[in-house]
């Protein structure tokens, strides 16, 4: 069963976890999971899966039977087996059995070897993963154990930057209160760091001796694939503690900013959520495969027709002539009537004529694909110098499908973006900094930049930070108060934690890379955020330490889109610093300096046009009295029992008004190299690109703009964020109506889509002329993907030029791909880098993994792997196109040559009493395809051409041989000479045809074409040699034939005539076609020639103009709650806690409030652990 | 440390794909282009060639003298006699007089020609044993069904359907010097087979006395004589090495075929060939053809450089040449007509 089929069922049941169950072959259905810490005997009785993962298919013993079984599921293989069996029946056999068994065994062997190698590499990678070391607590001491030996119930220790080995219940960590930071990018693609907390009772278990005594028992749900939910209970010391996802570390996550932590293994190996989320490997077929199968079926039908004609002919002949001829050749004992003889000859002819679809077709197609995959591996233009990784075709069977891709589904983080945020520009009190000017004062382009700004004056500067505009530093150095205030704000208004291991070596633990970038920028410009306590922030301002008193953090959330801090400086002045999305903040500014506002707005527009993420900075002075009153109101609001959130929000709203504009920042979410260009090219090639990301909507949209998927030229960008079925349906309907109502729309009479059958929709919607884009969020997608709405969604989405799905789970990614695959009948390609993309990569026709990153799951699941998104362009447009063209030409040629080859038998049937006599020596039949399939050649040709050739290659020699004698007077028209003549002329005709069809004659083409002719004659003479005859007189009966026949001028004249008559019409036809109806590529080629002569003028790439829509926002991958965390001092080290006044609220209530907030906000799949996805 | 660094950098360097033209798919290539000049001149050249060859072939075919006499009906009584297989031991001869109006210059070849005899049937062609005919293993009759063994189980030599159905008429050509005296035209029975057949494919068992060598085998059911009695005078022409036998064993491709029977021995009156005059074929009629509604004839023919009469090839070449010329003229016309339009199109 494949993933997508399972999915709707899973989603439908998502609301009720206990009913979700998983088949366990050895054990039946797992109802619930029980795991006791440090008690392997107890846990063993449940026979839980070990932490050993297995993606391989075979082992040494099962390989042969399983592989053969799989191979014979191929229609072609079974067909050839059937033929082989037919050939073993003596009455029917018209060709010896080796003509089939040799190629069949060859095919089976090659495939088996390939499968074995593939599986070997899977074994290897499994082994590598399974043998990663982890520290397991066994009998009171930590021992290094490979991952595969980790069992459910074990306690393991993780260190910073280590991958989590299994799904763990977090017990304790190096950080205070059992907090621990993880990065889940591998798992769900979200790039911000997440915080997990151990339950309070276990968070003190920091040392090994206490952990070794820990014997709590976890009872929880059975393994499932929901990444964002977990429900279970810990029973320990007669207490019962509820567990949630907040306490879990899932396999695939990476521990960050946490020195160490301990966890209890709950799910291991295949039961982990990561593995549960990865779809099963599915054999991928290309459309050429399918085409080939249909063709083969048609040809088989044709073959049966010919067989029937010949069988009827045989019956009539046997009745009319054969009966009288019995004195010379009595019927076979088994044959008692002409009718039965006809029946047998039907099967005989099936055997003879099967060379139309020889098994070698499949071999050669595979060989060609293998060759193409090597070309991909060898391509220097797809080699990433930085990561030193060449492109890798991991699947060899899909190369020509690359040329047919219509939809590209891309992950965002790590694929389109580098996940690096760079402080690139800023606007300080009406002046923009960050543009680089060259000597002449023009804005400099990339690559011609001067030296970066020198921050050596600042011993605390981050060496990795780079800024190009020296004027900003000058402004700071000259003491520009605005610039100082600007960076002061950046160094104060954030939730970053600092760590100073040695004097001057600062490490920032930023919750989102955006914030990190801003604080680092302030640090380098001389406003170094040094340390913080719950009540203070220490900043080194231009070398002097200043400690601000932190009065309040007005934390970020999705609605506010801003955050503020209220601080008291050493002089006692209270000031509110605020940064946030421009749309929100500009309304809350003091209106007085209009000019500043408008220039800053201009700057914001400029930054947004460059795809930068902008934030507006502002401050406000508060007097003591006002602050006192406000603090009171805030306290009241926070103590309120009902609608606490709303009341707090309005209190915040009150203070964040009439602020003074300071400036704006622009952060570049660094795209991978060449992404916008690649996307533009792919779009030009009519390939639709959908971005599927687990990240937030704003981030995704922003990236959409910066990689030019979304532009301001677009007629409209539809955003679907409905939470209920009805909302989503309504939003989709509106989008469609807008598209149709727009002046560009073609179908104007179209009113309400719902009144019409949905099958009619595509025709109308595809005619929509305007450029639209669709942005849909994960929870809306869950509804949109339901059976009754998926078509509506698909039609809307496909009418749009760009589609962005944000907040999607790995399985949703796969669902979207499956949807397009199923209904659009288009070839899809999925590209991604993380484990969260695995299911999508496996579902799509072609999966591409970005290699060279930390995780390798995506690469392991992929068909192609390379390290840069931009290589997609070359993969699709160069390799894909080439292999598709080559494959098409090859297939045409192949069918041509086999029709020409086989139909000769058909014509001969009329002259040999339909007795299934072959025209050629059976060695020639066996070798014909083997010798010629080594030519991965270009060819054009159609079946009727093949039949035409066969008519000529048969009847011209027939006409000649009917009368002619040899030049020594003896008979020329003996069967064997005729066979040699027909075979030779066929080989020559076919070679000339290849020569004509070869687009480009390279040395290899010469080698193969001349080589195959040479090999033909060599084999001919060898087969007809005395030596072989002396050894096997009954097998090699053509002795002496080649030299005797080919010495005759008549024979050569016949061959020459046949060749001429076969080839001339083809040449004439092509020539006329070229003159009468030149194809697109012919025209291009011709005009290229003309251009070359005219000294082609250079075409300049159109510069993408600056656009004006504003896409500002607070550090988008930010999660709320950290402000509270900081103010409560939870995440402070004990040492620093001692200094600060400690909060009174208990940690569990803090967690409660955090969770409640999360479930209230957005309601995204990962945010609402207890909330069913469907209302 | 540095050594290690170096090694890793070398390792990573080695992952860089080779910059060979083959691997980068940048082999120097010649592009086959169908230019007007190339195609048209090719067509004209082919046309000239075909016409030339065709005319030469037709002329040489015309120079051939050939005479064919069907004798199934002429020897009707013999044909009737042979329809009944039980009459196999009754001899039947038949004489066919004919007049040769022109001298047949040079070498003259005598053929027998069969109509409607299927030597190309699948089972017929297979029904022979090359290893037996090679003389190495007389008892190897495995592939000879349905004529591998006699009723009592003795292996047949030569076994198989082909050997069994050998053409066994005797044809003697007599030349009437005048109305009373006729002489037998001297004919050679040698040199009518391929060298490889006579010296490689067919061998008698190694023995001084052929009849002893063939002991333990029996003659094919339709044969009157045993294989070692085919030519008692000439041991080189006896047994499996008999030329007539070898010629017959080379199965024909089509149901109508002629096989070489004798060559004129150019001595006495016949040094120049067959002079014009009265002749007669004296045929011992043994081979039944009316059973399968076949016919047989005897053919006398001369040869040219390319072999026997080959009007078809000559005609085919001539027609091809003519059609090619026609085609090239029309193609040239179309091309010239379109040239202006194409130039216009490209200039746009």
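The values are calculated or read from the model by the stated rules, or taken from the named source; none is laboratory data. Note that this is a predicted model, so its numbers are computed, not measured. Note that we place each Cβ from the backbone using ideal geometry, even for glycine, and neighbour counts take in every protein chain shown.
Quick look at the numbers
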read-out	value
Filter result (touching a helix residue (DSSP H, G or I) at 6+ places or on another chain (Cβ under 8 Å) and assigned to a loop (DSSP other than H, G, I, E, B)) within the stretch B:290-335	B:293, B:305, B:306, B:308, B:309, B:310
Unique match (being over 20 Å from residue B:53 (Cβ atoms), assigned to a loop (DSSP other than H, G, I, E, B), touching a residue at least 40 places away in the same chain (Cβ under 8 Å) and within 8 Å of another protein chain (Cβ to nearest Cβ)) among B:254, B:287	B:254
Unmet requirement for residue A:897, which otherwise passes all of (1) surrounded by fewer than 22 Cβ atoms within 10 Å (Cβ to Cβ); (2) under 30 Å from residue B:121 (Cβ atoms)	(1)
In the stretch A:543-571, residue farthest from residue A:478 (Cα to Cα) [restricted to those that are assigned to a loop (DSSP other than H, G, I, E, B) and in contact with a helix residue (DSSP H, G or I) (Cβ under 8 Å, 6 or more places away or on another chain)]	A:559
Residue A:298 being closer than 25 Å to residue A:926 by Cα, at pLDDT 85 or above and more than 10 Å from chain B (Cβ to nearest Cβ)	no
Helices (runs of 4 or more DSSP H) contained in the stretch A:157-253 and holding at least 1 residues more than 31 Å from the chain's Cα centre (by Cα)	A:200-203, A:208-213
Residue match in the stretch A:850-858 (condition: modelled with pLDDT under 85, out of contact with any strand residue (DSSP E or B) (no Cβ under 7 Å at 6 or more places or on another chain), farther than 22 Å from residue A:292 by Cα and within 14 Å of chain B (Cβ to nearest Cβ))	no
Whichever residue in the stretch A:962-981 is free of Cβ contacts under 8 Å to residues at least 60 places away in the same chain and in a helix (DSSP H, G or I) and, among such residues, is farthest from residue A:920 (Cα to Cα)	A:963
Test: residue in the stretch A:1067-1076 that is part of a loop (DSSP other than H, G, I, E, B) and under 17 Å from residue B:34 (Cα atoms)	no
Hits in the stretch B:87-97 - residues which are surrounded by 15 or more Cβ atoms within 10 Å (Cβ to Cβ) and in contact with a strand residue (DSSP E or B) (Cβ under 7 Å, 6 or more places away or on another chain)	B:94, B:96
Exclusive hit being closer than 21 Å to residue B:61 by Cβ and either in contact with a helix residue (DSSP H, G or I) (Cβ under 7 Å, 6 or more places away or on another chain) or assigned to a strand (DSSP E or B) (or both), set A:949, A:953, A:984, A:1045	A:1045
Any chance residue A:67 is in contact (Cβ under 8 Å) with a residue 24 or more places away in the chain, closer than 30 Å to residue A:343 by Cβ, within 35 Å of the chain's Cα centre (by Cα) and assigned to a helix (DSSP H, G or I)	no
Yes/no for residue A:269 being touching a residue at least 24 places away in the same chain (Cβ under 8 Å), buried (at least 19 other Cβ atoms within 10 Å of the Cβ) and under 30 Å from residue A:352 (Cα atoms)	no
Residue match in the stretch A:352-375 (condition: assigned to a helix (DSSP H, G or I) and in contact with a strand residue (DSSP E or B) (Cβ under 6 Å, 6 or more places away or on another chain))	yes
Only listed residue being part of a helix (DSSP H, G or I), in contact with a helix residue (DSSP H, G or I) (Cβ under 8 Å, 6 or more places away or on another chain) and at pLDDT 80 or above, chosen from A:61, A:104	A:104
Residue list for the stretch A:706-720, restricted to those being assigned to a loop (DSSP other than H, G, I, E, B) and within 25 Å of the chain's Cα centre (by Cα)	A:707, A:708, A:709, A:710, A:711
Failed item, numbered, when residue A:58 is tested on (1) over 29 Å from residue A:341 (Cα atoms); (2) surrounded by fewer than 15 Cβ atoms within 10 Å (Cβ to Cβ)	(2)
Index of the failed condition, residue A:228 passing every other in (1) out of contact with any strand residue (DSSP E or B) (no Cβ under 9 Å at 6 or more places or on another chain); (2) at pLDDT 85 or above	(2)
Lone qualifier among A:417, A:413 - being over 30 Å from residue A:313 (Cβ atoms), away from every other protein chain (no Cβ under 14 Å), at pLDDT below 80 and within 26 Å of the chain's Cα centre (by Cα)	A:413
Helices (runs of 4 or more DSSP H) within the stretch A:573-653 that include 1 or more residues without any contact (Cβ under 8 Å) to a residue 12 or more places away in the chain	A:594-609, A:624-639
Residue pairs meeting the criteria (Cβ under 8 Å; at least 6 apart or on separate chains; first under 16 Å from residue A:965 (Cβ atoms), in the stretch A:1030-1051; second outside any helix (DSSP H, G or I) and modelled with pLDDT of 85 or more)	A:1044/B:194
Residue list for the stretch A:103-154, filter: under 26 Å from residue A:74 (Cβ atoms), surrounded by 15 or more Cβ atoms within 10 Å (Cβ to Cβ) and over 33 Å from the mean Cα position of the chain (by Cα)	A:103, A:104
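Okay, residues lined up against (1) outside any loop (DSSP other than H, G, I, E, B); (2) in contact with a helix residue (DSSP H, G or I) (Cβ under 9 Å, 6 or more places away or on another chain); (3) more than 9 Å from chain A (Cβ to nearest Cβ); (4) modelled with pLDDT under 85:
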residue	(1), (2), (3), (4)
B:55	yes, yes, yes, no
B:59	yes, yes, yes, no
B:68	yes, no, yes, no
B:77	yes, no, yes, no
B:86	yes, no, yes, yes
